[in-house]
Every structure is written in structure tokens, then in C-alpha cells.
1. Given the criteria over 25 Å from T785 (Cα atoms) and not in a helix (DSSP H, G or I), does L694 qualify?
2. Failed condition for P789, given (1) open to solvent by 10 Å² or more (accessible area, probe 1.4 Å); (2) within 16 Å of S812 (Cβ to Cβ), with all others met?
3. With L686, L679, L708 as the choices, which residue is assigned to a helix (DSSP H, G or I), of a type outside the set (V, I, T) and in contact with a Phe, Trp or Tyr (Cβ under 8 Å, 6 or more places away or on another chain)?
4. Out of all the residues in segment 547-568, which are under 22 Å from P404 (Cβ atoms), of a type in the set (A, V, I, L, M) and surrounded by fewer than 24 Cβ atoms within 10 Å (Cβ to Cβ)?
5. Given the criteria acidic (D, E), under 17 Å from S508 (Cβ atoms), crowded, with 18+ Cβ neighbours inside 10 Å and over 26 Å from the mean Cα position of the chain (by Cα), does D524 qualify?
6. Scan segment 792-802 and tell me whether some residue there is buried (at least 22 other Cβ atoms within 10 Å of the Cβ), charged (D, E, K, R) and under 28 Å from E915 (Cβ atoms).
7. For segment 584-598, name all the residues that are under 24 Å from T540 (Cβ atoms) and either in a loop (DSSP other than H, G, I, E, B) or open to solvent by less than 10 Å² (accessible area, probe 1.4 Å) (or both).
8. S448: of a type in the set (S, T, Y) and under 27 Å from P608 (Cβ atoms), yes or no?
Amino acid sequence: MASNEPTASVPGLRRGSSEVTEGPSRLSLSICSTPDNASLANTATSTFSPSSIDWTAQKVEGHGPLEPESGLLKSKAPHLVITTSHLIKMKSLADAQVLFPELASETGKRSSRGPAPSPLLVIPTDAIVSAFPAESTRQPSCGIEVWWRDPQSSNHASFCRCDIFSFSTREQRNEQLHHIARAILANQHDESSHAASSPLRNWHDLRPLLERVHDTAEHPRFHQRRPDIFPVVPRGATRRECMPKLDEAGKKYQEVPAFFLVVGTFYCHLVEVHRVAKGGGEPPVCRHRTYGLVTLEELRGEWMFQEERFTMTFREPFEHPVTLELASRYYRQIIRAVGMADRYLKPAWPQMWQTREVFHVSGLQEAQYLVAKEDYGSFQRTLEAYLAAYQCDIVDWEINWRTPYAPEFRLLPARRGPYTPRQLLAVLRALRYNDYFASLSFRGVDLSVLWGLKDTSSGNPPYLSRSCYVLEPDEIRILRQSPLLHQEFHALAFCSETVRQMDLSNCSSSLSSRLSMDKTSVSDLEFLAPILSLLRCGITKCNRLIVSGNILPLGDIQDLALTMKCGVIRALDVSRCGLDDFNLHDIVVDSLPEQRGQLRALTISGNPGRLPARVLPDLLGYLADVRELNLSGSIQGDGFIEYSVLPVDALQCMNNLEELNLSGYKLDDAAFHDLERFLQYRSWQLKHGCPTRLHKLVLNHCGITGSLAARLFDAIDVNCGLTLSLSGNPLEQCIDSLAATIRSHKGPAALYLDMVEFRHESNYLTLIQSLTSTTHLYLLSLVGTAPAPSPSGRCSDELVSTLHSFLAQNTSIRHLDLSGFSSKLDDVQLPQGWGRSLAGLAENATLTHLRVRNQNLHGDAGVLGRALAQNRTLVAVDCRDNNLNLTSLRFLVDSLAEAGSRSSVVEFPLACRKERDAIWANVLRSLKRASAGAVLSSCISAGAVNGTFWIGPAASPSTPHHRRSSSTPVTPAITTSPVRDVAREEEAVLLRRTLDDTLAQLEAILRANRERKVKDAQYDHEAEGIMGHEEDDDDHGPSCWPSATELAAIGRGEALVSETGIEEEDELVVEMVRDFQRAGFEV
């Protein structure tokens, strides 16, 4: 039997194209030629003559009378003699006694002298394919079918012959069948070499043909693995389907094709081979049916040595099962080969499940198959097998290590439309029993394509866990009647012993529109209910659920509230789930008293419902052990409250609190005072060496003015490692107080001031000037924060000078985001011409990560390029969505090339598909505005020799501080002309080639920088695999923003630790933070 270990490990599945038909099996008909085509038609297993055999030397295993043939007297009934090497059919018992004298001694009669009689039929034992009780549907059968390769077949289209030996009683039949099985077994034991005992020892001429069937279907990386090939005999319905014209009624023998079972890596094939015609010049015809091995639902047979019949049942999703009724003398080897293949493809599945549900072989003890495992618990191997068996395309997935519960399997959204039901089933079933992953993520994948589907003809649902816990019969019955999506997520949560967290965010997009109008239109989402049911029963460890972005039906809301009251959920994220006031009260307020300190993370932001502010004190008391609490937009003021809704005593008792989000609630004086005291208490703890966990505080849209923010900065104190978000607050009021506090070097390590409105430029300048002198600020985000535009729309010289000084003189900020904000209703960007201040980057020796998206920098690309050529510390620069054209792109790339080994930039995401298309769109617009000849001449005059093309308005390398005036005459739009159309076409091809070459050069520069960093041991090579995807369709793309946990560690002087929680900030901040964390860049 061939080894089941692949010769090489190839990432991903790249199956070649093949013709398939609908249905659970694929039927293929082909005429295959081999180097010895002429010999195939006439090759015989062995040529022998019965007269040359010394019958007296044969050991008789058994003998018995056969039913008399029609036209013969009963006294002349044929006789069957079984020896260790042959089955011999004689005309009568008397002839048998003459040929075998020992039979005469058994009866006490002397054998008559004379010439030895000739046998009617001689079958070599080693030519037998199978011998089993005859199966006739027309009359009770007491016969034996013997299928064997006949070297002297009269039908030149056939390879095999089927003979039926009929007996009077079943007892006689069973006795002779027992003797035949013993003769076959004795013959196998007599074979000395492995080649002689091989199942194909009589079929060497057909091996190349059968292996070609295997190689055509299997993945190319398995072509070097030889398949297991066994000659078989079709029975019952399989025979009627394969050979509908075969007469099974009265004929004593028939000539038939040869059948083989080919067991490969992903597939097994039932192959029918027969000759084309008489003459010997034509190659044999091969017709085969293909079945995925992971679709094997049942193999049923007997291990006793005389029962060679077995059945194999295959079933693909949503299809009827297909059963193969077969027989073979090699049935034990077939069972072992299929069992090994099943184990190889599903090594994580319990052996007990394989024995109880798949292999029903009486008399066979539980087999132990040892197979080589791979990374990720052999998940990739199992997934490839399911995708191949279900005949569907590959899926996109990755392993995420930047999560508290790593490693995390993450199924990525499909690039083109949603995944098909079969693709999702392949992934879900490949994850069953996997003990490698600690968390699973289906974020953004539309699982509702499986919603409402049932597969009633499937086998038993997964009732056995990896620790061999078995569900009760009633539970199995209910599970069998459940929808398919319910069954699959039950399997994920029940079968695994390692999965702790499941991310199901935005997984019901197809149902959201129905649920937003009427929550009663859908009973439940089907993927949440099974997990909650298992949690209440205490038979799953998946107790961290992230279901944000799914509109929850009433059934799931009630189920979730009931589970929360059981106190078994450790983390819950139900943000943007369409929960109203009553739902929030039921899930949170009424359930928390029953939690008994079990809840570690809670996120309820983004729901239309609100909780009254008066419940906050009790809520915080119940959440004394919580680590992440996100109440953004979920707290509503309900009039005057005499007490503080954020009592400092309750906050101080939350010793494990790491992240707190109170965005959207306008803090009153008492609540703000207690929050200030809590931050002072935290600062006191740090000064006295006491451990503190809080590292992130989000207070967006809380009505905090500049003076109040100054009080928070003062309470935070110096270098405390805290991330503070004050986005959307009116900080312009009393900005001088905040600026003074910042100049005193007090405040957080990371500061988010996104979407802060400044009506007066002077106040914005005051803030930037104070930030210039900070010495402990590590991260600064000013997305959408800019002064109000002047009447002229141009940037003032004072603003340019202030930003230039900030970029050149700050010595602490390493991560800076100066991106603009653009939406359908509002655009917030720095004034036109501010890009001149980017020249300050040339003097900066601290900044490592810069993000300046959506700031219309195409006119100042020259300034940015020159600064990048001189800067030595920047590692990642993100300047997408800046309306770049081919000119500005080329100048940026040339600047990086000019810097050479002095540059540290390893990430410059301009080659992603979205940005590439945007640049190309600008090029096409330029072509439409100018004549083909004028544009082409301008390209050549501007530097076509060195590959630089200046198209459209952009900054010239010679005048980086001013917009380039167009000196090229612009002609009117091109009129319709075949010649001009051809010219424009050729020019577009040239420009497209230039764009592709420029982006390829950029990737080469970045690749060289990465390799140099790796050699210098200054760059984490693992991050390169996460960030180095050229085809990045994400709206934000790769970036390199540190997490809040990393910032807290920096503030405490500790090593950086990558973590990502389930807490979310408001929509603007989380969009940026997730993007920067997704890249996986190590600081």
C-alpha cells in the first residue's frame, strides 16, 4: 500500500481545471494509450494447458456436486474440485475420482483405469478477482459467483469472465465457498515476493492506464504518490448501473470488463476497463466514476475471511447518497487503504467516530492508523480535501497571531460575491475537531447563504466531542431536525476542546434588510443559538462571543438573555445589533446580578437602545472583574441626578479594568470629578510601583472642553502609558489651558484628537505648537482635525511654518496620522498648500510611521519625495487617496530609489488594487483633456528617456513648493478619427505599461529594504508576511499602528506585546485603529 504522506507541502490549493458533471460522482470516458498499446489487447495473465498439470500432485481443499445442467441426467451432475491452485469443474464425480485418486479413497471406490478425463473448466486461483454467493433477483440462489481474469477469453472486448457454480442447498454452497476462500488464502501465503502478492500482479499491463486516471483528478503535488489499486467486482445496483445489459438469470458464465477501485489522496475512482475491438491494435477504453474520500459516509462489510462483499456509500451536500456494492478478494486491504486515507485527510477527528459512524466492519477491532500531521492541526490538508470533494473553488483564509486567544483561524470575505454554501460547508467541516486554533473568526463573511437550508438525507450530526462526550438520544434527534447552519456551528462549539472565542461580526448581511424592518420575520440567525445552548449545558469552552453588526431576531435576543443569566459568558460584543431599550435592559441590567463576576468583556455600543444613566453605579458594581467595557452611545442622561454616575469607589474596585469607553455621554460635574480622581489614583499607583491595568480610556463626543481636557491630562500625569481618545469634543474652548498642560509634559502616551473642530486657525496653531514640545507622546492621531478654511482656500504661511516645525522638531512621536476626512456630507482637510510643511520630515529622527491620506497631496508630491529621500527613520508611509497621478507617483518612487540603502521605508502601500485603479483613472482623465500628440510630446520632453512621464497637473521636481504651470499647449478634445483613436490607444498602452513598471519598481525597492532590515536584525520578518500582499482590496490597506496594549507597555517601560480586544471606539477611530493593527507590523 502506497504511503499516505505527501512528498511536499504546498501552501494553498491550486486545482487544475477538469470536466465534471452534476451529481455526487463524476463520470469520465477516455481512451488512454500507453507505450505498449499493441500488447494490451492480447496480453494474458498466464498461458497454461490443463493437460500439462499433474493433478495427482494437487492438494484437494474441498469438492462437491453441482446442480445438473439442463439436458443432462441427474446422475451426470458436474462436480467441483477445489485445490490450492485451481478450481476444476468435472463432468461427473467419476471423472473427478479418476483425475484425483484421493477422492476415490474417500468413497471407498477404486478409480477406473484409462485415459485421464479432461476438465470442463479450470480456473487458476491466483486469477480470481472475487468469489461470493451469487446474487439473483429472479429466483432463490444457492450458487457461487467467481470472477476471474480469463487469458483465453473468446470475447476480445472483455478482460474478465464470470462463472456461476450452482449447488442444491445453501449449506453446500457455504461449505464450498469456505474451501475457495481457504485456497485463495493458501495461495497468497505461498507467494514469496511482494510483487507476486500485489493486487495488480495479473494486471501489470493496465497499471499505467489506472494511474493516469488518478493523476488526472488529483492535485499535482500528489502525482508522485502511487495510488492503491484493487481489482473489484460490481454487485447489485452497481452492477445493473455499470452493466445494464448483463444477463444475470440463467447463463453459467459471461464475459465482462474489468473493474478496479483506485484509492488516491483526495479521491477514489471506480474504473471500468474493456477492450475496444478484436485485433489488438486499439488501446483499452477506460470509464470511471470519481468520489471524494471525505464524502464517504459508510463502509460496511465483514472481516471474516470468506465474506468478500462490501459496500461504500458516498454523499455530497444536498445530494442523494451513492452506494457502491462491490466484492474483492482484497477486501481487507481495501478496508485498510480507505481507512488510512480517511485518517490521513481527517487526522483531528476522533478514532471512535471513524469506527462508530463510518467503518461498520463486523469482526474488525478498532484500527489504529498512524499518519503524519501538519501545521494548524492539518487543517489545510483537510480543507483542501473538502473543497476538492465538493467541487468548489478555494477560499481565502489566514492565521492571526495578534489576538489574546491565538492562534486564530480567520476566514476572509470572498473577493467576488459571497461564498457558496458548499464552500462554507467545506470550511466548517474542516474545522471540526481541530485542536490547534484557540479562536475562530468569520468577520464579514455572509453566513446567511446557508440560512434555512436543510440536508435531511445526511448521516448523524456530530454527537461526539473530542473528549468523547456523547449527546443524549433526544438531543441527537433534535439536532438532526435542525437547519444545516445550526448543525455546523453546534459542531464547531461542541467538537473542539480548544476554541475559546468566536467572532461572528457582520455575518448576516443577506438577512439584515428583513430584520431591520421586522424582527419577527426571522426566528433566529441559526449560528448563535447552538453555541448558547451548549454554553447553558456547560459542554463547550467557547464562552467569548463577538456578534457585532448582526441585527438579532427576537429568538436570539431571548436566548442570549437567558444565557447571560446563567453566568457562563466571559466576553460579549453586541454592538450594532439593533437592540432597543428593553433588549439592553434584559441582556445587561437584568442579567449582570447573576454573572457572579464571570464577565470579562462587554460591548453594547452602536445600538438604538439606551440605558438610563442612573443604572451605571450598580452596573459598575456588578462588573468589578471586567477588563473591557464599551458603553459608547449607550448611556442616556435622565434628568438631574444627585449622585455621581461614575462613583470613584466603584472605579477603584475594578482592579482588572483595561479599557473603558464612555463615548457619547456628556459627563456632568460630579461624574467628571470622580473620573478625574480615578485617574489621579491610577497615577499614584504607578508612582508607588503598584500594578495597574487600565491602558485605554475613550471619551469621544462627551462635551469635554479644553479646560476639562487639561484637568484629565494633569490627573494622568507624566509618562503613564495611557491611550486617551478625545475625538469630537469642543477642545477649542479654553485651548490655552490644554496647551499649557501639554507643554508641562503631562498627558497620555497615545492621543486621539480626531474630528475636532477649530473655527479659528490661531487655536489650531496653539495646539500644534504645544504638541511640538511634548516628550512622552508616542502616538498622535489628528484625522479630520483642521482649522476652518480661509476665504481664499489657501494655507497660510504661519500654518505651514508651524506644521513644518512640528514635523522637524518633535522628538517623541513615532506614529502620526494627519489624514483628512471625506464623506458624502462633509469633507475636512487641511488647507491647500499645507504639503509644503512636509519638508520638515527630512530633519525628523524619531517618526517611524506616517499616515497622510485624503489630503490632496498630488501637487506637493515633490516635497514629500525629497523629504523621504533624506529621512532615515520612517519605516511606513501611507499616502493613498491623495489624487496621485503618474507624474507624482513616479517622482515618489524615484525619490526612494535615490535614497537607496539610506532609506528605511519598508511599507509604501500604493500598489494595492484600489490605489492602482485610482491613479490609472487620473491618467485617463488627462488623456481625455489633451490631444494624443500633445500629451505624448509632453511625456517625451518631460523625461521619456529616463522613464519619467508628466501627465496632468502635478508638482515638478524643479519647483516642489508651487504647482507646476502648464507650459505645454493644450489642444481641444480629439475629434473622432480612426488614426487619432489608434494613437490614443497606443498611448494608453504605453502609459499603462509605465504605471505597472513604476509600481513594480516600488515593490522591488521595498523588498530590498526589507531584506536589508532582516539582515540587520532590525525588522520583524514575520510582519513582512502579513503586510506584504500586493493585491490588497481593503479600503484602508496595510499599515502599522500600535495597539493600546503596546502603548501601555511602552509607558511602563515594558516590552511590546501585541493584543487586540473586542472593545471598539467610535466609528471614526476604530476605522483607523483596526486598519493599523491589521497590518501586523512590529514596532
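1. On the way: over 25 Å from T785 (Cα atoms): yes; not in a helix (DSSP H, G or I): yes.
It is true that L694 is over 25 Å from T785 (Cα atoms) and not in a helix (DSSP H, G or I).
2. (2)
3. Details: L686 fails: in contact with a Phe, Trp or Tyr (Cβ under 8 Å, 6 or more places away or on another chain); L679 fails: in contact with a Phe, Trp or Tyr (Cβ under 8 Å, 6 or more places away or on another chain).
When all the criteria are applied, what remains is L708.
4. V568
5. Values: acidic (D, E): yes; under 17 Å from S508 (Cβ atoms): yes; crowded, with 18+ Cβ neighbours inside 10 Å: yes; over 26 Å from the mean Cα position of the chain (by Cα): no.
No: the conditions fail for D524.
6. No.
7. Residues satisfying the conditions are I587, V588, D590, S591, L592, Q595, R596, G597, Q598.
8. Working: of a type in the set (S, T, Y): yes; under 27 Å from P608 (Cβ atoms): yes.
Taking the combined requirement at face value, the residue satisfies it.
The values are calculated or read from the model by the stated rules, or taken from the named source; none is laboratory data. Since the structure is predicted, the reported quantities are computational estimates derived from the model, not experimental observations. Counting neighbours? That spans all protein chains shown, and the Cβs are built from the backbone with ideal geometry, glycine included. Surface accessibility is based on the protein's heavy atoms, side chains included, excluding ligands, DNA and RNA. Shrake-Rupley method; radii C 1.70, N 1.55, O 1.52, S 1.80 Å.
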